[in-house]
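Beneath this line is the structure, given in structure tokens, with notes to follow.
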Amino acid sequence: MITTWLSPIIGDGMAFNVEEFKEIADKISNFESLPNEGKYRTAIGRYYYYTFLTVRDMIYEVDKREDVEKYYSSGLIHSFIRIYLNKFKLVNH
């Protein structure tokens with residue numbers, strides 16, 4: 001299990017456990033009273049953020065360069081992760 005100590009801080013100063021996104025996504029599709037398209041789209045969104053935040057934290061945990069830290073909590077982090085992973089792929093092939 002990935003630790004979530006680097007997860008975004010919510011209003012009360014407590015770290016958010018990103019595992020909750022996965023837990024919600026796992027459970028929401030079982031709610032028969034909800035419309036199918038809405039619950040599946042919601043589940044996909046929660047899985048996306050679970051994956052995104054987990055990958056973001058993994059990168060930050062192993063790469064302490066200033067550039068990585070600069071983008072970690074910026075609005076550019078989504079693009080940064082995509083570029084970072086593409087460069088990682090190119091270096092390792």
Q | region 56-83, residues that are open to solvent by less than 40 Å² (accessible area, probe 1.4 Å) and of a type in the set (A, V, I, L, M, F, W, C) | A | Ile59, Val68, Ile77, Phe80, Ile81
Q: Quick one: which residue in Glu32, Glu69 is under 22 Å from Phe16 (Cβ atoms) and of a type outside the set (Lys, Arg)?
A: Glu69
Q: Check off (1) without any contact (Cβ under 8 Å) to a residue 12 or more places away in the chain; (2) of a type in the set (A, V, I, L, M); (3) touching a Ser or Thr at 6+ places or on another chain (Cβ under 9 Å) for Ala43 and give me the number that stays unchecked.
A: (1)
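The values are calculated or read from the model by the stated rules, or taken from the named source; none is laboratory data. Every value quoted in this text rests on a predicted model; they were computed, and no experiment measured them. Glycine also receives a Cβ, built like all others from the backbone with ideal geometry; neighbour counts cover every protein chain displayed. Heavy atoms of the whole protein, side chains included, go into the accessibility calculation; ligands, DNA and RNA do not. Shrake-Rupley method; radii C 1.70, N 1.55, O 1.52, S 1.80 Å.
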